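To start, the structure itself, in structure tokens.
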Amino acid sequence: MKGVVLAGGLGSRLKPLTKVTNKHLLPVYNQPMIYYPINTLINAGIADIMIVTGGNSAGDFLKLLGNGKSFGLKHLNYTYQEGEGGIADALSLVEHFADDEAVCVVLGDNIIEGNIKTAKEDYERQDKGAKILLKKVHDPQRFGVPELDGSKVLQIEEKPEKPKSDYAVIGIYFYDPTVFDIIKTLEPSHRGELEITDVNNHYINSGTMTWNELDGWWTDAGTFESLLYATNLVAETGANNLELRNAKGNLTAKNAK
């Protein structure tokens, strides 16, 4: 399985901070935001990773991350998204990198307390289709919201006025290689973007979508409020301690679950 971190976009909700840098290079407590999704993948046992970036600060990712050596990786891959075509458009850029393997996709501003290794292992046993991770939230209308029937996902609505559950679809997805064919069939939404919700609903309609509930807390960091909230959570729980090395020099995560 390959890992993908989507770190493009203009970060307009965080201006003026993002007038001079990419959102995903901003600090969350004592580390750049981009460190957290990379470590989410590494802690799940995924070491072949591509960063999708964009904007005028793309070169800064290379300066910061280099070839991934500081994360215990042999190599780190990069590609560039021109403009803001949406999450699904960004994902389409990694088709050559995926090379007919499944992918785990993490949005670059998603920060979690725990570990997605169990979800990854469940998905590998699933063998095809897709898996989304869900988390109960107090304000689901801000997110993509699943309608559930037991263990089955019936549909996902984006930012609904009347949510059909109190779960949010967080920005961590597992897809089989057919995801790239699905993206090629999408039409831009009213926002002019290719929507990841449309990708997920395609898998739902084909009967190949499953879900897991994420353990521990989760937040994005795409607004001033959520960036502050993420920083405080990391500082309070110690979930930032992702740079500890074990005796063999490999990275470990103190709070991995």
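Read the figures in this text as sums done on the coordinates, not as results from a lab. Everything quoted here is computed from the prediction, not taken from an experiment. Note that we place each Cβ from the backbone using ideal geometry, even for glycine, and neighbour counts take in every protein chain shown.
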For this session: Can you list which of the GluC sites (Glu not before Pro) found in the stretch 60-137 are DSSP loop residues with at most 10 other C-beta atoms within 10 Å?
Result: GLU82
Problem set entry | Tail weight of P(r) past 34 Å, computed on alpha-carbon pairs of the stretch 2-243, percent | 8
Exercise. Looking at the stretch 8-86, which trypsin sites (Lys or Arg not before Pro) are DSSP coil and have at most 16 other C-beta atoms within 10 Å of their C-beta?
Worked result: LYS74
For this session: Could you list, in their original order, any pairs among LYS69/LYS131; LYS23/LYS136; LYS15/LYS63; LYS63/LYS159; LYS19/LYS120 whose Cα atoms are separated by more than 32 Å?
Result: LYS63/LYS159; LYS19/LYS120
For this session: Let me know the charge dipole size of the stretch 2-243 about its Cα centre in debye, to the nearest 20, where only the beta-carbon of Lys, Arg (+1) and Asp, Glu (-1) is charged.
Result: 560
Seminar exercise, completed: From fewest to most C-beta neighbours within 10 Å, the residues VAL179, VAL153 line up as VAL153, VAL179
Exercise. Any idea which of VAL94, GLY8, ILE132 is furthest toward the positive side of the dipole for the chain, if Lys and Arg beta-carbons carry +1 and Asp and Glu beta-carbons -1?
Worked result: GLY8
Seminar exercise, completed: Cβ density ranking, 10 Å radius, fewest first, applied to HIS96, HIS190 yields HIS190, HIS96
For this session: Give the relative contact order (percent, whole number) for the chain; include only Cα pairs under 8 Å separated by 6+ residues.
Result: 23
For this session: Considering the options VAL145, MET209, GLY68, tell which one lies farthest towards the positive end of the dipole of the stretch 2-243, charges being +1 on Lys and Arg and -1 on Asp and Glu at the Cβ, about the Cα centre.
Result: GLY68
Exercise. What size of dipole, in debye to the nearest 20, comes out for the stretch 1-83 about its Cα centre when the only charges are +1 on Lys and Arg C-beta atoms and -1 on Asp and Glu C-beta atoms?
Worked result: 160
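So how do SER151, SER12, SER189 line up by other beta-carbon neighbours within 10 Å, fewest first? Before the final figure, lay out the partial values.
Details: SER151 7, SER12 11, SER189 14.
Fewest-to-most ranking of SER151, SER12, SER189: SER151, SER12, SER189.
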Problem set entry | Karplus (6.51, -1.76, 1.60) ³J(HN,Hα), θ = phi - 60°, over the stretch 216-221, in Hz, Gly and Pro reported as x | x, 7, 9, 8, 8, 9
